[in-house]
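Worksheet: one structure, shown below.
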Amino acid sequence: MKPWMKFGILVVAIIGTLGWLAAGGIQESKTYYVTISEVVAMGDQAKTKGRLRVGGDVEEGSILRDKGEVRFVLKQDKLKINVVYQGSEPLPDTFRDGSQALADGKMLQDGTFQASKIQAKCASKYEGKPNYKVPATNPNPNRAAL
């Protein structure tokens, strides 16, 4: 076998292996965003779907912390889903009763959502102040306004 042919086979093998690894990584990292009503509508399919990201409001008084495990209830209208989080990252400061949260993980066979990542939103924190008007000033005081 000629040397250039050996090199070609090696290049094809390396490129094929990298393509196979990339395709597998994309499949493993794929996450579907669903609402609680969509999870309920999925039924048993939610348990086999793989990674899901579920959004909802944290129910008042539902947060229970015990030895690195956090349990809480996400709700949307009258629908609820139990969530358990045992991640290594600390929960966000904005995660509290009544806040909006996203749980990233998978559905367990018993209907509990096992989260590997929690994100909390606090919409009011990022809104502008009501009735606040920016004063009209000259950005360059050394130049006369036109």
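The values are calculated or read from the model by the stated rules, or taken from the named source; none is laboratory data. Quantities reported herein were computed from a predicted structural model and do not represent experimental measurements. Ideal geometry is used to build each Cβ from the backbone, glycine not excepted, and the neighbour counts take in all protein chains shown.
Checking 58, 54, 84, 70 one by one, the residue that is touching a Leu at 6+ places or on another chain (Cβ under 9 Å), surrounded by 14 or more Cβ atoms within 10 Å (Cβ to Cβ) and farther than 19 Å from residue 35 by Cα is 70 and no other.
Filtering 47, 80 for residues that are more than 16 Å from the chain's Cα centre (by Cα) and in a strand (DSSP E or B) leaves a single hit, 80. In this structure, residue 56 does satisfy being under 18 Å from the mean Cα position of the chain (by Cα), small (Gly, Ala, Ser) and at pLDDT 85 or above.
Matching residues to (1) under 19 Å from residue 66 (Cα atoms); (2) at pLDDT below 85; (3) of a type in the set (D, E, K, R); (4) assigned to a helix (DSSP H, G or I):
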position	(1), (2), (3), (4)
84	yes, no, no, no
87	yes, yes, no, no
95	yes, no, no, no
106	no, no, yes, no
114	yes, no, no, no
117	yes, no, yes, no
133	no, yes, yes, no
137	no, yes, no, no
143	no, yes, yes, no
